[in-house]
There are 2 protein chains.
Amino acid sequence: MLTIVAIAETAALLGEPARAAMFSALMDGRALTAAELAATAGVTPQTASGHLGRLIEAGLLVVEKQGRHRYHRLASPAVARMVESIMQVAGAAPRQARPPRVGPADAALRAARTCYDHLAGRLGVGIADALVARGHVELGADGGAVTPTGEAFLASFGIAARLDGARRGRPFCRPCLDWSERRPHLAGVLGASLCVRCLELGWLRRRPGTRALEITHEGRRGFGERFGVDAG
Amino acid sequence: MLTIVAIAETAALLGEPARAAMFSALMDGRALTAAELAATAGVTPQTASGHLGRLIEAGLLVVEKQGRHRYHRLASPAVARMVESIMQVAGAAPRQARPPRVGPADAALRAARTCYDHLAGRLGVGIADALVARGHVELGADGGAVTPTGEAFLASFGIAARLDGARRGRPFCRPCLDWSERRPHLAGVLGASLCVRCLELGWLRRRPGTRALEITHEGRRGFGERFGVDAG
DNA sequence: CCGATGCTAAGGGCGCGGCCGAAGTGTCAC
DNA sequence: GTGACACTTCGGCCGCGCCCTTAGCATCGG
């Protein structure tokens, strides 16, 4: 099997704390510079450069040149799913009884953040729970689906247009285990559409330099009224 | 982030050719002995023992003692999904224009095999294609769903009983990229149920010592009549 | 033109970990 | 019991690769 070495090489690219930290930082779906990634990984820029070169060579990352900056991001949703699945196994395995201490910096992340292209944190899990509780979405371990009433609800929320490309009932919903809440939130096309729409409505704002999302005043009201989610 | 090291450690466990080969061998969902895994990995038993100990310690594998044999298998479907996602990325990345040579031993594997708990190979992809073409199943990149006509078809095929635990329309279908065909086949509860049912009906038989599946005479007829799949 | 900034390329130290040989424990057969 | 078999543990060799320092290119500002 020649493919065995390809599997091992791919996995080994994630099997190093410095590179794993870079992937974790890139899991918000945005593009970061080599210097930013070096800082989050805790290595010098030239070491980070070597890592990034290998990751680009392997096709896990893509780079976009802008002036003297080079922005790196995950090459595809498939890479994001791979990292997700590894995080899920890594989080489930250890016998860490009590969750690691919650630093003040983590507080914002745990409240609301992006996970590649969709919402995560308490807000993401809360929205998923609300949609399931109201019968708009059904979630299992292996997939998710939007019900007819859910389609109507989503249309009224303004994201029907994005789903027109897919036929009615077409699967576009996927569960994604939240690393801080240890419960699933919504990923896939539906999750991405919800995230974009909330940003569009001004309910959420990206915080520069972090993957945390700020819930605006309108957002607090909107999430409560439309989803029954307490985003306090 | 303390979790970074956990991610790196988990990924590193797969980032070694010997261990990657073991995972690949275990992806058929069955339990193998340490000696068998050592042989497929191309290392001595004592080296394999060390690897297996680490994998068990990390919770990726579970072991079952039977006499003087110790049978190892993947610890959970989550681990299988992780390996799947890595294989998908590893297979998509390289610029291997022509597929690796097809040995005679590989021929049976490419025709029909198990992938953890469901069907793969030409047969697995063929069944997925047939179900999609007939409107019984809808497949996207992020998930799949069974249509009402599909539910009726599956009930007539004798796997409705297994799905009773889940409500009607509940998601239980998931795409899984086939490494030999480079196209999706059916995974998740649906894929597993189809596999079990085909074995039950005597359409397929496991070949001892390999993950290849033998298509019986009844199977050849059955797949053609019920699915419109040429399993020749 | 100059320096500063962002990143890349080469060279050496060094520690982690895979691998094997040899020896030890448990299990089955006779 | 004795031997064979499956597997694990221990000790030591050795090489891969991570990291840093030093040096070399591009790009922007003045």
>> Once the label point is set 7 Å along the Cα-to-beta-carbon vector, what list of distances in nm do you get between A:G232 and its counterparts in the other copies?
In response: 7.0
> Taking the Cβ of B:R113 as the center, what net charge do the other residues with Cβ under 13 Å away carry, scoring Lys and Arg +1 and Asp and Glu -1?
Replying inline: +1
> Using a 1.4 Å probe, what is the accessible area per residue for chain A, in Å²?
Replying inline: 46
> From the label point of A:G202, set 7 Å from Cα along Cα→Cβ, how far away are the matching label points in the other copies, in nm, ordered shortest to longest?
Replying inline: 7.1
>> Can you give me the % of accessible surface on segment A:3-78 that is carbon or sulfur? Probe 1.4 Å, all protein chains present, nothing else counted.
In response: 53
> Residues of segment B:128-144 losing 30 Å² or more of accessible area relative to the isolated chain, 1.4 Å probe, heavy atoms only?
Replying inline: B:E138, B:D142
>> Quick check: the angle from helix A:121-133's long axis to the longest principal axis of chain A, C-alpha only, nearest 10 degrees?
In response: 40
> Cα axis of helix A:77-92 to longest principal axis of chain A: angle in degrees, 0 to 90, nearest 10?
Replying inline: 90
> Helix-derived [θ] at 222 nm for chain A: sum -39500 (n - 2.57) over DSSP H runs of at least 4, divide by residue count, nearest 500?
Replying inline: -14500 deg cm²/dmol
>> Once you keep just the Cα pairs under 8 angstrom separated by 6 or more residues, what percentage relative contact order results for segment A:104-227?
In response: 28
> Chains A and B: buried accessible surface, both sides, probe 1.4 Å, rounded to 100 Å²?
Replying inline: 4200
>> Between 0 and 90 degrees, rounded to the nearest ten: what's the tilt of helix B:188-200 against the longest Cα principal axis of chain B?
In response: 80
>> What's the ranking of B:130-139, B:39-48, A:11-20, B:113-122 by average number of surrounding C-beta atoms within 10 Å, highest first?
In response: B:113-122, A:11-20, B:130-139, B:39-48
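Can you give the average number of partner chain beta-carbon atoms within 10 Å of each beta-carbon in peptide A:108-116, as a whole number? Intermediate values should be presented prior to the final figure.
Details: counts 0, 1, 0, 0, 0, 0, 0, 0, 0.
What the average comes to for A:108-116 is 0.
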> Relative contact order of chain A: what whole-number percent is it, with Cα pairs under 8 angstrom and at least 6 residues apart?
Replying inline: 16
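The values are calculated or read from the model by the stated rules, or taken from the named source; none is laboratory data. Just so it is clear, the model here is predicted, and its values are computed rather than measured. Heads up, the Cβs are rebuilt from the backbone with ideal geometry, glycines too, and the neighbour counts pull from every protein chain shown. Side chains are part of the model used for accessible areas, which takes the heavy atoms of the whole protein and leaves out ligands, DNA and RNA. Shrake-Rupley method; radii C 1.70, N 1.55, O 1.52, S 1.80 Å.
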